[in-house]
Structure formats: C-alpha cells, structure tokens
Amino acid sequence: MTDLVRVDIGDGGQVLRTALALSAGTGQAFEVAEIRSGGVRSGLDVHQVAAVRAAALACGARVRGAFEGSPDLLFEPGTVTSGEFRFEIATAGAATLVLQTVLVPLAKAGELSRVEVTGGTHVAGGPSFDYLARHWTAVLDRLGLRARLTLLRAGFQPKGGGELRAFVSGWEPRESLVLEERGALLEVRGLSIASRLKGAIAERQRDAAQERLWEQRRIEVHWEVASPPSASPGSFLLLEAIFESGRAAFGLVGERGVRAEILGDRAARRLLRFLEGEGAVDPHLADQLAVPMALAQKGGLVTTDETTPHMEAVAATLSRFGIAARTWGRRGGPGGLEVGRC
C-alpha cells in the first residue's frame with residue numbers, strides 16, 4: 001500500500017465524510033488516528049461508522065476500525081461499482097449525510113445507481129432531504145452530474161425513521177464550476193412542511209416567514225405547503241433564493257418549545273441577511289460543493305457570504321489528498337472556496 005493519506009478529523013464528521021468520498025473517488029487510501037482523543041466520548045460515533053460502512057460498500061474497500069468507539073481507522077478503497085445500495089441508520093442520524101458521502105463517487109462509476117437510506121431526513125446538524133433534492137442537486141446538474149431524490153418517508157429528530165431514495169446517472173464532468181457573482185434575484189421559493197402535528201403548523205411557519213420578507217424587502221414567495229408521510233412528528237421550513245447565476249437556501253427544523261411563528265421568522269431573517277451581503281451561494285452549499293468540484297477534475301470557484309470553519313476544514317482535507325484547494329475571507333465574513341485552479 002502506497003500514498004497513504006493521514007487525516008485528522010478533529011471533533012466533526014464532515015472531514016471524515018469528505019475523506020471517505022475523496023478516497024472512494026480517487027482510489028487513495030487514508031488513515032485516522034486518535035479519533036476524538038481526550039473527549040468525553042472518544043473514538044468513532046455511530047453516525048460516523050454508518051458513513052464509513054456505506055462508503056466501503058460503494059467501493060469495495062478494506063476497512064480496519066469501523067466500529068463505534070474505535071480510536072483509529074484505516075480505509076483502503078477498491079473500485080467504485082454502480083448498482084443498488086441500501087444503508088440503514090437505526091437512529092435519527094442524518095441519512096442525507098450518508099447519501100452525500102456515496103452519491104458523487106457512485107456517479108463516477110459510469111452507470112445508473114440506486115441508493116436507499118433510512119434514518120433522519122430532517123434533523124439539526126445536517127442538510128435536510130429538501131435542501132439536497134431542490135438545492136444541492138440543482139448545482140450538481142451544472143457539473144453534468146444528474147441525481148434524482150425521492151422522499152419515501154420523513155424522519156424528524158429525535159426519532160428519525162425516515163427513508164429516502166436516490167438515482168444517480170453515470171457522470172461525464174463538464175467545464176469548471178464558477179459561481180462568483182450572484183446576479184439579480186429572480187425568485188424566492190418556500191417549502192413549509194409538518195407531519196403528525198396539530199395546529200396548522202406548516203401554515204403558521206409559512207405566514208410568519210412571508211410576513212417578515214414582505215415587511216423588510218417586499219418579497220413575494222412562491223410557496224409549497226405539504227404534509228409528507230412521516231415516522232415521527234415534526235416540521236421543517238426551507239427558503240430558496242434563485243439568482244441569475246447564484247443560489248442560496250436556508251432550512252430550519254422545528255424544535256420542541258419553539259413556536260411555528262418564531263421558526264418562520266428566523267428562517268426569513270437568515271435569508272434577508274444573505275440578501276444584504278455578498279457571495280453567490282450560501283455557506284453550507286459552498287463546502288458541500290468541494291467534493292463534486294474535486295472529483296470532476298475541472299476545478300471550480302464559489303463565493304459565499306460567510307466563511308466557515310467547515311469550509312476551511314474541507315479545503316484542508318482536499319489538500320491532503322493532493323487536490324489544490326484554498327479558501328479566503330475572514331471567518332464570519334464574505335469569502336470563497338477555490339478547488340483545482342490554485
């Protein structure tokens with residue numbers, strides 16, 4: 001075994017998922033040592049283990065240390081092969097994060113793949129199903145990567161129990177992705193959902209968000225209100241801003257003790273802050289485009305209104321795999337990410 005990449009995942013799972021996707025997509029093995037050492041709970045957590053096992057199945061990897069609490073991990077990828085995959089997360093762990101880990105590498109296999117994942121589809125700390133299906137995949141399409149996502153059953157925190165399905169076609173990357181200027185605002189879309197809850201929660205979330213956006217900027221939102229099948233009660237609100245060149249989306253999951261009106265107002269305020277700032281995409285999308293840009297091998301550049309530690313960590317991980325990447329901007333202020341063109 002040669003060219004073993006050494007990765008420090010710190011306390012977060014995003015670096016690990018980035019390393020897994022890059023390893024599967026490039027064929028480079030990697031290892032992690034002393035995972036979360038010194039913490040209250042050291043070693044891999046159950047959600048990280050789920051991502052490791054999913055990536056291993058997608059590329060036929062040999063793995064050492066893929067169990068909860070493991071202090072070390074060795075991941076030696078094989079060849080990514082298209083096919084039908086099903087990954088089950090028994091908790092409310094984000095099914096969307098597992099899907100993101102395997103989707104882009106599977107696209108490089110060249111044939112159609114079907115992926116089903118159970119677990120949390122609308123949970124804090126990870127992208128919602130709707131964020132991926134409506135927002136992330138729309139930008140992947142600009143890279144020539146076509147994925148279609150379907151929500152079979154919503155899974156809200158803390159119980160989870162949701163299920164999603166994705167189809168991803170073989171991928172022939174196009175030119176580099178450059179999202180530097182957002183351009184004029186064309187449309188704002190809103191999705192408000194609630195399942196197994198009383199009190200017109202979805203409508204109240206929608207009305208509060210619409211009121212704030214109209215009051216501040218006279219923005220009229222094109223709304224969709226839904227009550228999807230769900231394994232557990234919960235609610236969610238997503239706001240999308242579509243520009244001539246850029247796009248941004250912000251979603252919030254309902255919380256116990258937080259009124260629907262508060263949730264709607266919070267989402268609207270976050271979108272308004274983006275509209276008043278700089279950057280072509282929202283900060284979450286910026287770091288979630290790093291792996292697709294890297295595996296496309298065409299390079300790319302995106303700007304955002306908020307430079308985040310996640311974006312910096314992802315760029316550092318790409319560099320460890322020999323992929324040129326850099327970020328710029330002060331943390332919390334406008335900045336960007338450049339991949340493969342540095």
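The values are calculated or read from the model by the stated rules, or taken from the named source; none is laboratory data. These numbers were taken from a predicted model, which means no experiment stands behind them. All Cβ positions, even for glycine, are placed from backbone atoms using ideal geometry, and neighbour counts span all protein chains on display.
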- Candidate set: segment 176-200, residues that are under 23 Å from the mean Cα position of the chain (by Cα) and part of a loop (DSSP other than H, G, I, E, B); chosen: the one modelled with the lowest pLDDT: SER176
- Task: Output the residues belonging to segment 297-310 that are surrounded by 22 or more Cβ atoms within 10 Å (Cβ to Cβ), touching a residue at least 60 places away in the same chain (Cβ under 8 Å) and over 13 Å from ALA325 (Cβ atoms).
- Result: THR303
- Note on the structure: When every residue in segment 274-294 that is closer than 16 Å to ARG330 by Cβ and not small (Gly, Ala, Ser) is compared, the one surrounded by the fewest Cβ atoms within 10 Å (Cβ to Cβ) is GLU278
- When segment 231-265 is checked residue by residue, the ones that are modelled with pLDDT under 95 and surrounded by 19 or more Cβ atoms within 10 Å (Cβ to Cβ) are ALA231, SER232
- Applying the selection to segment 95-112, what residues are in a helix (DSSP H, G or I) and not hydroxyl-bearing (Ser, Thr, Tyr)? ALA95, LEU97, VAL98, LEU99, GLN100, VAL102, LEU103, VAL104, PRO105, LEU106, ALA107
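Here is a yes/no grid of residues against (1) aromatic (Phe, Trp, Tyr); (2) surrounded by fewer than 19 Cβ atoms within 10 Å (Cβ to Cβ):
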{"site": "VAL32", "(1), (2)": "no, no"}
{"site": "GLN48", "(1), (2)": "no, no"}
{"site": "LEU57", "(1), (2)": "no, yes"}
{"site": "ASP72", "(1), (2)": "no, yes"}
{"site": "PHE75", "(1), (2)": "yes, no"}
{"site": "GLY78", "(1), (2)": "no, yes"}
{"site": "SER82", "(1), (2)": "no, yes"}
{"site": "THR91", "(1), (2)": "no, yes"}
- Whichever residue in segment 113-164 is charged (D, E, K, R) and in a helix (DSSP H, G or I) and, among such residues, is surrounded by the fewest Cβ atoms within 10 Å (Cβ to Cβ): ASP141
- Message: Could you list, ordered by first residue, the pairs with Cβ atoms under 8 Å in which the first is in segment 258-279 and in contact (Cβ under 8 Å) with a residue 40 or more places away in the chain and the second is of a type in the set (Phe, Trp, Tyr), at least 6 apart or interchain?
- Response: ALA267/PHE250; LEU271/PHE250
- Query: Restricting attention to segment 259-293, which residues are over 25 Å from LEU99 (Cβ atoms) and either of a type in the set (Ser, Thr, Tyr) or not in a helix (DSSP H, G or I) (or both)?
  - Reply: ARG259, GLY277, GLU278, GLY279
